[in-house]
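Shown next, in structure tokens, is the structure this report addresses.
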Amino acid sequence: MSIIRSFIVLMSSLGCLAFLFACSTPQSTNTSNQEAATVEIDKQVHFLTPDGEDVVVSPGAYEVKIEKDGLRLIAEEGTGSESTVIDAEAAKHEESVTHPTAMMLSEEEDRQIITLLLPDGQRWEALGSESGVHSRAARRPRTASSQIKQHLTIRNKINLLRPQLTLSTVSVKYRGEKKTHHGRKSKSTWRLPVNDTHNSGSFTFSWAGYPGNRTLVPSKIGDIQNLVKRKQCCIKVLINGKETPAPRMSFGKSGTLQTTIQLSQARAKTWPKTVKVMVTKGQRKWESAVTKIYATPVSYYASVLHQIFSHDRCTTCHTLGTHDKIVEMHQTRLGAASYPHENNPEAKPHNPTFCGTCHNAANLNNEWFSPSASQGINWKGWNASQVCHKVTGPFKNKDGVVEPPFDHARFDHHFHDDPRILWAVSDGMTPFGNDLNVPLPDNLNAWFNKVDPWVDAGTPCPTYSKFSHRNRGTLPRNLVPQR
């Protein structure tokens, strides 16, 4: 018994010592259950991952959490699976914060910094840039305390404002489209599907009583009723702080105030934008807080052009990248004994002289040939994003040299003057009188009307992720981190 009693006493003593040691030893911050902070990124920004990989973060709102090797950014309107970890360094701060607080700061013209402040006095900083040029030598945290204090002061003042109205819904409709695109609120921010090519649209903002003041229904306020009924001037919609031309006004089914305005210079890349409404009647005034709206790009290429680029008239010629493919296609359509023969070496891509024997229409301008397989533009079966990025370049020319992406003038020539393109989208007549199916029969104007807005917008391509990762070894020269 004495042995058992002694063993129990010994274990109890060790337990007490372990408890005392744990209480007196500094502990690492447990962030797994901390409230997530949110940061808003207004422009596309390049960061480095802990492994030195370049990651491009799209505009939007992100939850910021501490990871072992840096900061994890989680797309607010996405799921936990759409996230990435960026390289960050630890430091101290002297601000009084009751919960994790994230902020986006601009230190220099090209420098963007995400700073995360913790209640225990720790802070984490991740350094990024708009251009993609990174400097490992500048990784240490260096944001001035005065800059952090100023940012927190401004944020606190904004939070003290008590507006009467709040954004209830937002939508946009484009000319010639039946569909109306509706935005949605995601935690602290708004997202609106915005076309990446159309430059103007009809935007409708609905306003209701501010949270905590739901009894304020705009349609039941006499002064606001009169302003809407008489279409008077004193309802103003401010976009990015500037008053827009007189909006169309009405009331929604739930009594919200609906304001509709026409915005130009409003394609996806021009967002985010801020919106605010001000209603004035004599001495009475109602206004909303400034609300930031981010764009979810709607791809014009995917919805309008991809069905043309992936049509058989385009993909069939793009598959004829070798001598064997050219011979096979002609003999399948014209008969095994027909021209060209397998032993004729002139039946090859990029040989308009040989092909011109049959393809000899006056408008071909010596451009009638199929692209070589070495150019990598056989996109049959590819998705919209893959084809678009291949079309916009850079890609190899017939000599195997990587060329820069086309500029506006080259795209204009390619889509307006190249006889192969014009034949594929609108003609389809073969040298032997067969009339093949084409996307826009005998209607080149329809083709120009579809492709020109996309070229004028800078040929934007579909994007499906908030994060675009690129290995350092494959980065363009100006994106490789500078040491």
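The values are calculated or read from the model by the stated rules, or taken from the named source; none is laboratory data. Values in this document were obtained by computation on a predicted structure and should not be read as measured data. Because the Cβ atoms are built from the backbone with ideal geometry, glycine has one as well, and the counts that use them run over all protein chains shown.
Can you confirm whether residue 453 is at pLDDT below 90 and over 22 Å from residue 349 (Cβ atoms)?
Details: at pLDDT below 90: no; over 22 Å from residue 349 (Cβ atoms): yes.
Considered against the rule, which asks whether it is at pLDDT below 90 and over 22 Å from residue 349 (Cβ atoms), residue 453 comes out as no.
Quick one: is residue 374 among the small types (Gly, Ala, Ser), in contact with a strand residue (DSSP E or B) (Cβ under 9 Å, 6 or more places away or on another chain), in contact (Cβ under 8 Å) with a residue 24 or more places away in the chain and in a helix (DSSP H, G or I)? Before the answer, list the steps.
Values: among the small types (Gly, Ala, Ser): yes; in contact with a strand residue (DSSP E or B) (Cβ under 9 Å, 6 or more places away or on another chain): yes; in contact (Cβ under 8 Å) with a residue 24 or more places away in the chain: yes; in a helix (DSSP H, G or I): yes.
Spelling it out, residue 374 is indeed among the small types (Gly, Ala, Ser), in contact with a strand residue (DSSP E or B) (Cβ under 9 Å, 6 or more places away or on another chain), in contact (Cβ under 8 Å) with a residue 24 or more places away in the chain and in a helix (DSSP H, G or I).
Which one is surrounded by the most Cβ atoms within 10 Å (Cβ to Cβ), of the residues in region 202-218 that are of a type in the set (A, V, I, L, M) and in contact with a Leu (Cβ under 9 Å, 6 or more places away or on another chain)? Full working, then the answer.
So in region 202-218, the residues of a type in the set (A, V, I, L, M) come out as 208, 216-217.
Retained after the next criterion (residues that are in contact with a Leu (Cβ under 9 Å, 6 or more places away or on another chain)): 208, 216.
Numbers: 208: 21, 216: 18.
Among residues in region 202-218 that are of a type in the set (A, V, I, L, M) and in contact with a Leu (Cβ under 9 Å, 6 or more places away or on another chain), the one surrounded by the most Cβ atoms within 10 Å (Cβ to Cβ) is 208.
Just wondering, is there one or more residues in region 77-88 that are crowded, with 17+ Cβ neighbours inside 10 Å, at pLDDT below 90 and touching a Lys or Arg at 6+ places or on another chain (Cβ under 9 Å)? Step through it out loud before you land on a result.
Of region 77-88, the ones crowded, with 17+ Cβ neighbours inside 10 Å are 77, 83-88.
Of the ones still in play, those that are also at pLDDT below 90 are 77.
Imposing the further condition that a residue be touching a Lys or Arg at 6+ places or on another chain (Cβ under 9 Å) reduces the set to 77.
Scanning region 77-88 turns up at least one residue that is crowded, with 17+ Cβ neighbours inside 10 Å, at pLDDT below 90 and touching a Lys or Arg at 6+ places or on another chain (Cβ under 9 Å).
Quick check on region 243-273: of everything there that is of a type in the set (Lys, Arg) and within 27 Å of residue 59 (Cβ to Cβ), which residue is surrounded by the fewest Cβ atoms within 10 Å (Cβ to Cβ)? So that I can check it myself, show each step before the final result.
Our first condition is that a residue be of a type in the set (Lys, Arg); within region 243-273, this holds for 248, 253, 267, 269, 273.
Filter again for within 27 Å of residue 59 (Cβ to Cβ), leaving 267, 269, 273.
Working: 267: 24, 269: 15, 273: 18.
Here the residue is 269.
What do you reckon, is residue 254 in a strand (DSSP E or B), over 26 Å from residue 383 (Cβ atoms) and of a type in the set (Gly, Ala, Ser)? Break it down into steps so the answer makes sense when it comes.
Working: in a strand (DSSP E or B): no; over 26 Å from residue 383 (Cβ atoms): yes; of a type in the set (Gly, Ala, Ser): yes.
Taking the combined requirement at face value, the residue does not satisfy it.
State yes or no: is residue 250 under 24 Å from residue 172 (Cβ atoms), of a type in the set (Ser, Thr, Tyr) and in contact (Cβ under 8 Å) with a residue 24 or more places away in the chain?
Working: under 24 Å from residue 172 (Cβ atoms): yes; of a type in the set (Ser, Thr, Tyr): yes; in contact (Cβ under 8 Å) with a residue 24 or more places away in the chain: no.
The answer is no for residue 250.
Could you grab me the full set of residues in region 61-111 that are under 19 Å from residue 149 (Cβ atoms), touching a residue at least 24 places away in the same chain (Cβ under 8 Å) and of a type in the set (Gly, Ala, Ser)?
Selection gives 91, 102.
Name the pairs whose Cβ atoms lie under 6 Å apart, with the first residue in region 398-423 and assigned by TED's automatic domain parsing to the domain that holds residue 368, the second assigned to a strand (DSSP E or B), and 6 or more positions between them or separate chains?
From region 398-423, the pairs are 402/396.
Taking residue 191, is it charged (D, E, K, R), within 21 Å of residue 267 (Cα to Cα) and assigned to a strand (DSSP E or B)? Spell out the reasoning first.
On the way: charged (D, E, K, R): yes; within 21 Å of residue 267 (Cα to Cα): yes; assigned to a strand (DSSP E or B): yes.
The answer is yes for residue 191.
Here are 240, 195, 199: which of them is at pLDDT 90 or above, under 24 Å from the mean Cα position of the chain (by Cα) and either more than 24 Å from residue 173 (Cα to Cα) or surrounded by fewer than 15 Cβ atoms within 10 Å (Cβ to Cβ) (or both)?
Details: 195 fails: either more than 24 Å from residue 173 (Cα to Cα) or surrounded by fewer than 15 Cβ atoms within 10 Å (Cβ to Cβ) (or both); 199 fails: either more than 24 Å from residue 173 (Cα to Cα) or surrounded by fewer than 15 Cβ atoms within 10 Å (Cβ to Cβ) (or both).
After applying the criteria, what remains is 240.
Restricting to region 257-293, give me the number of residues that are over 23 Å from residue 458 (Cα atoms) and not in a strand (DSSP E or B).
The qualifying residues number 4.
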